């Protein structure tokens, strides 16, 4: 029991110094606190993002990220829960992460070994419940191979804009994304089409210490997302045909 309290105290102390977020979201409502940071060890590091939450329907602790990383020369090994998003999409990415109960996505359990060259990155890994995967990446694009998905994606500049896209074949059929993002009229725009049957446009106004974003998306149903943020704080409102979701979060470090 003492070891448990000592571990919790250590993570809380690291989070206060590196990244702590608290907030509430609904419908529900549900209260949450997100503790995130990096614990440096001799020759290794531990990255973590843990989110205790309490609501009318459920309570618990979301383990969003928890991994041990070691590196030697051009090789790096990570074990634990880590984020994995093979797709290039900004609004509708193809991802192996899953929605978490405390708003942020939860990564996958497993491990991977990465070799870093001058421009090439090679990665071999294993994900619990999904199996092995291979990835080869260059600055302009990457190829992803696994038993659940085979595909490729990339991004390149078109003047002041960035065009991106990907295509994957899965047991359930083909998936694809095509989009562009860039500044126009002082606003950061993102326009994206995804197969099958998804589309969205987002406009984000960025100021010094604040931002305001509005997105119109169709992902099975038509929805709108409004996000407003000040430095260290953010609020959002999602409107869908199926209902309304809202939230407010505040983050800081000491």
Yes/no for residue 226 being within 21 Å of residue 28 (Cβ to Cβ), in contact (Cβ under 8 Å) with a residue 12 or more places away in the chain, under 19 Å from the mean Cα position of the chain (by Cα) and not in a loop (DSSP other than H, G, I, E, B): yes
Count of residues meeting criterion [part of a strand (DSSP E or B) and either more than 12 Å from residue 90 (Cβ to Cβ) or without any contact (Cβ under 8 Å) to a residue 40 or more places away in the chain (or both)] in region 208-217: 6
Residue 220 vs. criteria surrounded by fewer than 17 Cβ atoms within 10 Å (Cβ to Cβ) and without any contact (Cβ under 8 Å) to a residue 24 or more places away in the chain: yes
Qualifying positions in region 52-65 - within 14 Å of residue 109 (Cα to Cα) and surrounded by fewer than 18 Cβ atoms within 10 Å (Cβ to Cβ): 63
Top-ranked residue of region 100-118 - restricted to ones that are modelled with pLDDT of 95 or more and closer than 16 Å to residue 75 by Cα, ranked as surrounded by the most Cβ atoms within 10 Å (Cβ to Cβ): 112
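Restricting to region 25-45, name every residue that is surrounded by fewer than 17 Cβ atoms within 10 Å (Cβ to Cβ) and part of a strand (DSSP E or B). Break it down stepwise before answering.
Going residue by residue through region 25-45, those that are surrounded by fewer than 17 Cβ atoms within 10 Å (Cβ to Cβ) are 26-29, 31, 38-45.
If the condition is that a residue be surrounded by fewer than 17 Cβ atoms within 10 Å (Cβ to Cβ) and part of a strand (DSSP E or B), then 26, 31, 38, 39, 40, 41, 44, 45 are the ones that fit.
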Set 153, 200, 165: member being under 21 Å from the mean Cα position of the chain (by Cα) and within 12 Å of residue 86 (Cβ to Cβ): 153
Sole residue being at pLDDT below 95 and outside any loop (DSSP other than H, G, I, E, B), chosen from 69, 60: 60
Failed item in (1) part of a strand (DSSP E or B); (2) modelled with pLDDT under 95; (3) surrounded by fewer than 20 Cβ atoms within 10 Å (Cβ to Cβ), with residue 77 passing the rest: (2)
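The values are calculated or read from the model by the stated rules, or taken from the named source; none is laboratory data. Note that the structure is predicted; figures quoted are calculated from it, not measured. Cβ sites come from the backbone with ideal geometry, for glycine too, and all protein chains shown count toward neighbours.
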